[in-house]
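Structure, as structure tokens:
The values are calculated or read from the model by the stated rules, or taken from the named source; none is laboratory data. In this text, all values refer to a predicted model and were calculated from it rather than measured experimentally. No Cβ is skipped: glycine too gets one built from the backbone with ideal geometry, and neighbour counts run over all protein chains shown.
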Amino acid sequence: VSIQSIPGYACYETVEETFAAAEGFTTTYPSLAEWKDVGDSWQKTQGLGGYDIKVLKLTNKNTTGPNGAAKPILFVNSAIHAREYTTAALTLAFARQLVEGYGSNADATWILDHHEVHLMLHTNPDGRKKAETGLSWRKNTNQNYCGATSNSRGADLNRNFTFSWNSTGGSGSSGNGCADTYRGPSAGSEPETQAIEGYVRSLWPDRRGPAKTDAAPVDTSGIHLDIHSYSELVLWPWGDTKTVAPNGIALQTLGRKFAFFNGYLPEQSIGLYATDGTSDSVSYGELGVAAFTFELGTSFFQSCTTYESTIKPKNLPALMYAAKVVRTPYQT
Ligand code: ING
Ligand code: ZN
């Protein structure tokens, strides 16, 4: 059974359809779109089928902006959790709005002339294929954890990142290979995690952590958004402590602005629950890049009607705003 065959879910592209659409953009808009192979899924590393981890890079052909300066970068990844269905659909819709709007829509044109937008549409494609059969799959499909054929197997990629991996000593993730929040046997053990970490480090090679304090504005010449579902939230670090991040006030200011667009609740991520080893902890904690998690909607498999009428129209403007504001030190 395919999730798409269930009445009301036909709008959700499969992994293959998403990848074909991204590749299609490079054919239709060769001067705006590039489709890059940045790693392998776990199954691919094992010769068990699997997928490349791919990034759709959108910008015009100039390597610098019209002012001669390096282009600021927005990086968005979606579907790191397989069953979080609306997330990849939203990111693909965002890509479509940018490339189709280029030359006619002022915002899309300005964004692609001055900025770079990098989209990892499917961060966990192996898991997503499981979810496409109707399973409530969250993790990757690594057969070394919980038994090769168990539907509870795999590592939670969003507990496997190196910065703050298992920093709470248990409460932010699980050491049980069958648990939904299994952190993996070691920091960055999963190939999908390695692909994202390697890619964000390559995007911001000169970043050295959140050295600034709130005495200085947060540097938003780079922004990382990790798109999840569900709960209608905009979250920022830290997730493993109630301590406010060095740029906490500035992150809150920017988070509230995103929330203005999507109508969600903005809060420091530990307000939801404790987490460790999450993707934003690397981007912000290791590199100092402003990092946010969006929690879309009110359940995992939401109907196309709800997605089209509510989730997409609330969140596309938030993504467009993120692509515009990633520019200069953000004034608090
Ligand atoms: N929620 C996120 C999770 O990984 C999160 C929430 C993400 C909290 C990042 C803190 C940092 O648990 C879902 N629904 O996956
Ligand atoms: Zn999630």
| task | Determine whether TYR307 is more than 15 Å from ligand 1 (Cβ to nearest atom), at pLDDT 95 or above, over 16 Å from the mean Cα position of the chain (by Cα) and buried (at least 20 other Cβ atoms within 10 Å of the Cβ). | result | yes
| Of all the strands (runs of 3 or more DSSP E) wholly in the range 181-297, which have at least 2 residues that are in contact with a Ser or Thr (Cβ under 6 Å, 6 or more places away or on another chain) and at pLDDT 95 or above? | 222-229, 290-296
| task | Using the structure shown, decide if LEU48 is touching a strand residue (DSSP E or B) at 6+ places or on another chain (Cβ under 9 Å) and not polar (S, T, N, Q). | result | no
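Residues checked against (1) within 24 Å of VAL289 (Cβ to Cβ); (2) surrounded by 22 or more Cβ atoms within 10 Å (Cβ to Cβ); (3) away from ligand 2 (no atom under 16 Å from the Cβ); (4) among the aliphatic types (A, V, I, L, M):
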site	(1), (2), (3), (4)
HIS114	yes, no, yes, no
LEU119	yes, yes, yes, yes
HIS122	yes, yes, no, no
ALA131	no, yes, no, yes
TRP137	no, yes, no, no
ASN142	no, yes, yes, no
| Residues located in the range 135-181, provided they are over 21 Å from PHE300 (Cα atoms), within 14 Å of ligand 1 (Cβ to nearest atom) and of a type in the set (Phe, Trp, Tyr) | PHE161, PHE163, TRP165
| note | Scanning the range 96-110 residue by residue, the ones that are surrounded by fewer than 24 Cβ atoms within 10 Å (Cβ to Cβ) and either under 22 Å from ASP226 (Cβ atoms) or within 16 Å of ligand 1 (Cβ to nearest atom) (or both) total 2
| message | Regarding the range 147-159, can at least one residue be identified that is away from ligand 2 (no atom under 16 Å from the Cβ), under 28 Å from LEU287 (Cα atoms), within 19 Å of the chain's Cα centre (by Cα) and among the acidic types (Asp, Glu)? | response | no
